[in-house]
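Visitor: Got a structure here, written out as C-alpha cells. Questions coming.
The values are calculated or read from the model by the stated rules, or taken from the named source; none is laboratory data. Given the structure is predicted, the values throughout are model-derived calculations rather than measurements. When we count neighbours, we look across all protein chains shown, and the Cβ atoms used for this are built from the backbone with ideal geometry, even at glycine.
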Amino acid sequence: MLIPVPRPTLKAKPNLLLFALTIWLGLFCWTGTASAQFHFRDYGNKPKLTPPDAIKAEAALMIDAKTGEVLYARNADEHLLPASTTKLMTALVVRERLGGLKGSVVVDGDDRAEPSNIPVVPGETISVDTLFHALLIESANDSARTLGRSVAGSTPAFIQMMNARALALGCFDTHFNNPNGLPAPTGTHYTSCHDLMIIFQHVLKYPELRKIMSTKEYTIRTQSGVHNLRNHNKLLGYYPGMGPAKTGWTVASRHTYACSVTQNGREILLTMLNSPNKWADTQILYNWAFSQSSATGGAGFNKPTPSEDDH
C-alpha cells in the first residue's frame with residue numbers, strides 16, 4: 001500500500017520568489033542605461049545595415065569631405081524646395097560680406113517674420129553674433145531677414161546678392177526668392193542637392209559657423225526677453241559623430257537637410273531634399289557609408305577652393 005508523502009514546501013514566500021525572479025530577468029535583459037531620448041536601434045559598432053536605395057527622400061547626395069568622392073547620389077540635380085536650408089546661403093553671403101561675426105544691427109520693422117523667430121523688436125540693437133546663433137540653431141526667420149537687409153540695405157537687394165553668389169559658385173540649379181526659405185511663388189525658390197552641397201561646403205570653411213551649427217542649446221538676450229535656442233537637428237548628440245548641420249521643413253518641401261558626420265577621422269557630408277523622414281533616411285545612408293571601405297578612383301565632387309569670389 002502506497003502511503004502519500006507530503007510534498008516539501010518552499011521556505012521562501014511566493015511574493016519574495018516573484019521579486020527575485022523579476023530582478024533576475026531584469027539583469028538578464030539589461031543592455032545599458034535606459035533613456036527616453038531620441039535613438040535609433042541601428043546604433044553601435046556593427047549597425048544593422050539597410051541598402052541605401054531604401055531611403056524615401058526624392059533626392060540625396062553624399063560625398064567624402066576630404067576627397068570629394070561621391071558615395072551616393074539620387075536625383076542630385078533635380079530642382080526641389082530647400083525650406084530652411086536656404087539659410088546656409090544667407091549665412092554664407094553675410095559672413096563673407098562682413099568678414100566675421102562682429103558688430104551689431106538695428107532691427108527694422110520689415111525684418112519681422114513668422115513662424116520661427118526670436119522675435120526681434122523694431123528699433124532694438126542686436127549683435128551679429130546673436131543673430132547668427134538664432135539663424136543657424138533656432139532657424140529664426142526674422143534673423144535671416146535682419147542679417148540680409150543689414151548688409152544689402154533691403155531684403156530684395158540681399159536676394160539679388162544671394163542669387164549672384166549662387167551663380168558665382170556654379171549653382172545653376174538654384175534660385176532664391178527670400179533669405180529664409182519660407183513658401184514662395186512656384187518656380188521662384190529652389191535648389192538641388194548638388195548645389196546645396198556646394199553652398200554647404202563653403203559654409204563649413206568657417207570654423208565659427210561650424211561651431212554654431214554643432215551647438216545643441218544656446219541662450220540669447222534681446223529686448224523681447226531671454227531665449228533658450230534649441231537646435232532643430234534631432235541627431236545632434238545622438239547619432240555618433242554628428243557635427244554641423246542645417247535642417248529645413250515646410251508642408252510643401254517636406255524634410256530637407258545638410259549635415260556632416262565624422263567617424264574614425266573620416267568626415268562625410270550629406271544633402272537631402274524632399275524626404276518624408278530625414279532622420280530615418282540619414283541613418284540608413286550613414287550606417288551604410290561608414291560600413292564601406294574607402295573606395296579609390298571613384299567619381300569626384302568639386303571641392304570649394306579660394307577664388308576671387310571668396311571674401
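Visitor: If Asp195 meets every condition in (1) crowded, with 22+ Cβ neighbours inside 10 Å; (2) out of contact with any Cys (no Cβ under 9 Å at 6 or more places or on another chain) apart from one, which number is that one?
Guide: Every condition holds for Asp195 apart from (2).
Visitor: Looking at segment 37-87, which of the residues that are acidic (Asp, Glu) and either within 19 Å of the chain's Cα centre (by Cα) or at pLDDT below 95 (or both) is nearest to His189 (Cα to Cα)? So that I can check it myself, show each step before the final result.
Guide: Within segment 37-87, the first condition is being acidic (Asp, Glu), and the residues that meet it are 42, 53, 58, 64, 69, 77-78.
Now restrict to residues that are either within 19 Å of the chain's Cα centre (by Cα) or at pLDDT below 95 (or both): 42, 58, 64.
Numbers: Asp42: 36, Glu58: 17, Asp64: 28 Å.
Checking each candidate, the answer is Glu58.
Visitor: Among the strands (runs of 3 or more DSSP E) contained in segment 215-272, which hold 3 or more residues that are buried (at least 20 other Cβ atoms within 10 Å of the Cβ)?
Guide: On the way: elements: 217-222, 225-230, 242-250, 254-263.
In segment 215-272, 242-250, 254-263 are the strands (runs of 3 or more DSSP E) which contain 3 or more residues that are buried (at least 20 other Cβ atoms within 10 Å of the Cβ).
Visitor: I'm trying to understand the selection: among the residues of segment 108-152, which are over 23 Å from Asn233 (Cα atoms) and of a type in the set (Asp, Glu)?
Guide: Asp108, Asp110, Asp111, Glu124
Visitor: Would you pick out the residues in segment 251-270 that are of a type outside the set (Asp, Glu) and touching a Ser or Thr at 6+ places or on another chain (Cβ under 8 Å)?
Guide: Residues of segment 251-270 that are of a type outside the set (Asp, Glu), as a first pass: 251-266, 268-270.
Of everything in segment 251-270, those that are of a type outside the set (Asp, Glu) and touching a Ser or Thr at 6+ places or on another chain (Cβ under 8 Å) turn out to be Arg254, His255, Thr256, Tyr257, Ala258, Cys259, Arg266, Ile268, Leu269, Leu270.
Visitor: If you check every pair at least six apart or on different chains, which have Cβ atoms under 6 Å apart with a residue in segment 232-259 that is under 14 Å from Leu88 (Cα atoms) and without any contact (Cβ under 8 Å) to a residue 60 or more places away in the chain first and a residue that is part of a loop (DSSP other than H, G, I, E, B) and not charged (D, E, K, R) second?
Guide: Going by the 6 Å Cβ cut-off, the qualifying pairs are Pro244/Ser214; Ala245/Asn233.
Visitor: What number of residues within segment 273-285 satisfy the criterion of being part of a helix (DSSP H, G or I) and farther than 20 Å from Asp64 by Cβ?
Guide: We begin by selecting, within segment 273-285, every residue part of a helix (DSSP H, G or I); these are 278-285.
Still in the running and farther than 20 Å from Asp64 by Cβ: 278-280.
Residues flagged as part of a helix (DSSP H, G or I) and farther than 20 Å from Asp64 by Cβ within segment 273-285 amount to 3.
Visitor: Now for a separate question. Taking segment 88-119, which residues are surrounded by 16 or more Cβ atoms within 10 Å (Cβ to Cβ), charged (D, E, K, R) and over 12 Å from Asp142 (Cβ atoms)?
Guide: Filtering segment 88-119 down to residues surrounded by 16 or more Cβ atoms within 10 Å (Cβ to Cβ) leaves 88-98, 101, 105, 107-108, 111-113, 116-119.
Still in the list and also charged (D, E, K, R): 95-97, 108, 111-112.
Answer for segment 88-119, where residues must be surrounded by 16 or more Cβ atoms within 10 Å (Cβ to Cβ), charged (D, E, K, R) and over 12 Å from Asp142 (Cβ atoms): Arg95, Glu96, Arg97.
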